[in-house]
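Here the structure comes first, spelled out in structure tokens, and everything after it is commentary.
The values are calculated or read from the model by the stated rules, or taken from the named source; none is laboratory data. These numbers were taken from a predicted model, which means no experiment stands behind them. Here Cβ is always computed from backbone atoms with ideal geometry, including for glycine, and neighbour counts include all displayed protein chains.
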Amino acid sequence: MDLNSRLFDSIRIKPSCDEPKEAGPACESPGCNHPGLYRAPKGRKAEGQYWRFCIDHVRAYNATYNYFDGMNDAAVQAYQKDAIIGHRPTWAMGVNKGEPGKKPGEPARDWAYVDPLGILRAEGVGEGRRKARPEPERPRRTGAVRRALDVMGLEENADPAAIKAQYKVLVKRFHPDANGGDRSFEERLRDIIRAHDVLRAAGLC
């Protein structure tokens with residue numbers, strides 16, 4: 001065995017568990033020199049702040065710790081009541097007096113609803129408060145017309161002016177002359193022309 005080999009230089013030895021570890025913060029109890037490895041809350045009005053104690057002093061501190069120390073019974077009850085809602089502000093129901101459309105003597109509400117299918121309206125919810133705007137009637141199109149409009153990238157309610165303008169744009173975009181003689185878009189151009197013929201036959205342009 002070659003004791004001068006480079007392999008010996010790469011050997012790493014695991015440190016012994018008996019070696020002294022780096023000491024942490026000292027215990028904050030007066031006269032104690034032990035490490036303060038355990039946290040203890042400082043109390044009310046000092047949330048998020050902690051004392052550092054050793055195991056013996058943290059046990060003694062926890063045995064006498066009282067978050068409500070110095071508070072009377074009414075203050076403790078008020079705190080516990082607020083804790084139910086996470087100490088967040090709340091408002092009583094029916095205090096929104098400025099609601100538009102509210103009849104005199106009618107209880108106010110502090111919420112709104114969206115009822116696109118008219119389900120709540122059918123049950124009489126919200127009657128007399130606000131009326132939904134009637135939806136515009138959508139034109140009835142045949143399947144061929146809907147497919148033609150889809151090929152041209154148009155909505156079902158497109159008017160003749162929009163159809164003509166879109167047709168001109170698509171023809172200019174996919175015509176071989178606009179693509180340097182490239183004929184790879186010819187099939188797409190044929191679909192657009194056929195779709196335009198369908199729409200013209202249906203009297204839409």
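Observations on the model:
- Candidate set from segment 119-154 (those that are exposed (fewer than 10 other Cβ atoms within 10 Å of the Cβ) and not in a helix (DSSP H, G or I)); member that is modelled with the highest pLDDT: Arg140
- Verdict on Gly203 being under 16 Å from Pro139 (Cα atoms), loosely packed, with under 13 Cβ neighbours inside 10 Å and free of Cβ contacts under 8 Å to residues at least 40 places away in the same chain: yes
- Flag for Val76 being touching a strand residue (DSSP E or B) at 6+ places or on another chain (Cβ under 6 Å), modelled with pLDDT of 85 or more and β-branched (Val, Ile, Thr): no
- With respect to the conditions (1) small (Gly, Ala, Ser); (2) in a helix (DSSP H, G or I); (3) closer than 15 Å to Val198 by Cα, Ala162 falls short on a single one, namely (3).
- Any hit, segment 49-70, residues being within 40 Å of the chain's Cα centre (by Cα) and among the acidic types (Asp, Glu): no
- Qualifying residues in segment 57-85 (those that are among the charged types (D, E, K, R) and free of Cβ contacts under 8 Å to residues at least 24 places away in the same chain) - the one nearest to Gly24 (Cα to Cα): Arg59
- Count of residues meeting criterion [modelled with pLDDT under 75 and hydroxyl-bearing (Ser, Thr, Tyr)] in segment 6-53: 2
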